[in-house]
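Peer 1: Please read through the structure below; I'll follow up with questions.
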2 protein chains.
Amino acid sequence: MVQYSTTTLVLYLSFPYLSVSFLNTQLVTSDIRRRLLDVVKKARYVGIQGTQFNTYVTLKLQNVKSTTVTVKGPTPCWEQDFLFEINDINLGLLVEVWNKGVIWDRALGYHYLPLTSVAYDEQECGGRWVELEAQLMMRGGAVVGTTGPTGHALLLDCRFEPPFGES
Amino acid sequence: MVQYSTTTLVLYLSFPYLSVSFLNTQLVTSDIRRRLLDVVKKARYVGIQGTQFNTYVTLKLQNVKSTTVTVKGPTPCWEQDFLFEINDINLGLLVEVWNKGVIWDRALGYHYLPLTSVAYDEQECGGRWVELEAQLMMRGGAVVGTTGPTGHALLLDCRFEPPFGES
């Protein structure tokens, strides 16, 4: 019997049709599939401007993205779950934090997470604080990292779901 | 007396505090300022999937972005105005078209508009259809163009506002 962790279950129960059809058509092109689970937990911003921030987080993988809700303040808390089904371990997850304005949104910082650095884990743990940086580093048309510390930090819990139902 | 075109006026009347304070602090770092006016008018998508699309357009310039509302169908119409106040003519405006999903949004295509290709014009004209392409072309960490035709097209009206009130 296939079992899902609590994190995965949230998405599957909420959007059963989408988690099957959309993810399969958009991201999966081979039979080697991994489920990447990412919980965007919270952030802490430096500087007195932080009290006026109204921020959201965008996760990007290839040509697909998803976004958290927008939360006010210098220590916003999202605790929002995301699932990516992927077939290429050489990709990376680009995490962007934006401050929402009335017309313009401004990027507060970026974090790039190579999928090769993500471990398999059955359960969600407390996550890891990552630094947000000001600029993207590119190579050959793809993001490979970030540079320029901003002082802002983001708590992420990112893991691959181990295969279930296999003997 | 300083006069604004109708397009500009829309933004200034709606958000008078933001158009001054935010744009000045975020984008303007020298005294040579140009007002870039961009109207995202409409799009036409190819393929039978287009009837199910629910799309929005994002405009990006450096670390600032703005987004249209989301419109359904294969020929969405936005007619939405944007104003950027800039000081570096060597930048480019990155236009992204996204198909909105329940969890995941998927990029339908990109168009890169170098600011050196934008003309000064007092009045909005009918705009110009531009092709959307599948991938970004990068050089030295910055977007310099796009590649890979998608067949989708976007009608943009982009111009620099001529200086007013000068003799």
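The values are calculated or read from the model by the stated rules, or taken from the named source; none is laboratory data. In this text, all values refer to a predicted model and were calculated from it rather than measured experimentally. Don't worry about glycine lacking a Cβ; one is built from the backbone with ideal geometry, like all the others, and counts go over all protein chains shown. Ligands, DNA and RNA are excluded from the accessible area calculation, which covers all protein heavy atoms including side chains. Shrake-Rupley method; radii C 1.70, N 1.55, O 1.52, S 1.80 Å.
Peer 1: Would you pull out the residues with amide H under 5 Å of residue A:42's amide H, same chain only if 5 or more places away, H placed 1.01 Å from N?
Peer 2: A:78, A:79, A:155
Peer 1: Shortest first and in nm with one decimal, please list how far the residue A:48 label point sits from its counterparts in the other copies (point 7 Å along Cα→Cβ).
Peer 2: Computed spacing set for this position: 6.2 nm.
Peer 1: Could you work out the relative contact order of segment A:35-161, using alpha carbon pairs under 8 angstrom and six or more residues apart, expressed as a whole percent?
Peer 2: Once divided by the residue count of segment A:35-161, the mean separation gives 30 percent.
Peer 1: Short version: which residues of segment A:51-71 lose at least 30 Å² of accessible area, all chains versus chain alone, 1.4 Å probe?
Peer 2: With the partner chains in place, segment A:51-71 has these residues losing at least 30 Å²: A:60, A:63, A:65, A:66.
Peer 1: Follow-up. Of the cross-linked pairs A:72/B:72; A:100/B:100; A:65/B:65; A:60/B:41, which ones have a Cα-Cα span greater than 24 Å in the structure shown?
Peer 2: Beyond 24 Å: A:72/B:72; A:60/B:41.
Peer 1: While we're on this one: Give me the inter-chain shielding for B:104-110: mean count of other chain Cβ atoms within 10 Å, whole number please.
Peer 2: That works out to 6 on average.
Peer 1: Just order A:92-104, B:82-94, B:64-76 by mean Cβ neighbour count inside 10 Å, highest at the front, would you?
Peer 2: A:92-104, B:82-94, B:64-76
Peer 1: Next up: Taking H as built 1.01 Å from N, whose amide H comes closer than 5 Å to the amide H of residue A:101, not counting residues under 5 places away?
Peer 2: Result for residue A:101 returns A:106.
Peer 1: Nearest 100 Å² is fine: what is the total accessible surface buried where chains A and B meet, probe 1.4 Å?
Peer 2: The buried area between A and B, both sides summed, comes to about 2600 Å².
Peer 1: Another one. Could you look at segment B:35-161 and say what percent of its accessible area is carbon and sulfur, using a 1.4 Å probe and all protein chains?
Peer 2: 48
Peer 1: Then there is this: Between segment B:62-137 and segment A:73-147, how far is it from one alpha carbon centroid to the other, in angstrom?
Peer 2: The distance from the Cα centre of segment B:62-137 to that of segment A:73-147 comes to 24 Å.
Peer 1: Another question, then. Give a residue-ordered list of calculated ³J(HN,Hα) values for segment B:92-107 (Karplus: 6.51 cos²θ - 1.76 cosθ + 1.60, θ = phi - 60°; whole Hz; x for Gly, Pro).
Peer 2: 3J(HN,Hα) across segment B:92-107, in whole Hz: x, 9, 9, 10, 10, 10, 10, 9, 7, x, 5, 10, 9, 9, 10, 6.
Peer 1: Okay, moving on. What average number of partner chain Cβ atoms lie no more than 10 Å from the Cβ of the residues making up B:141-148?
Peer 2: The per-residue average across the peptide is 2.
Peer 1: A further question on this structure: List the residues, sorted by chain then number, that are 5 or more residues from residue B:93 or on another chain and whose placed amide H is less than 5 Å from its amide H.
Peer 2: B:113, B:115
Peer 1: Same structure, new question: Starting from the Cα of residue B:70, step 7 Å along the direction of its Cβ; do the same at residue B:117; then give the gap between the two resulting points in nm.
Peer 2: Placing both labels 7 Å along Cα→Cβ, they lie 3.0 nm apart.
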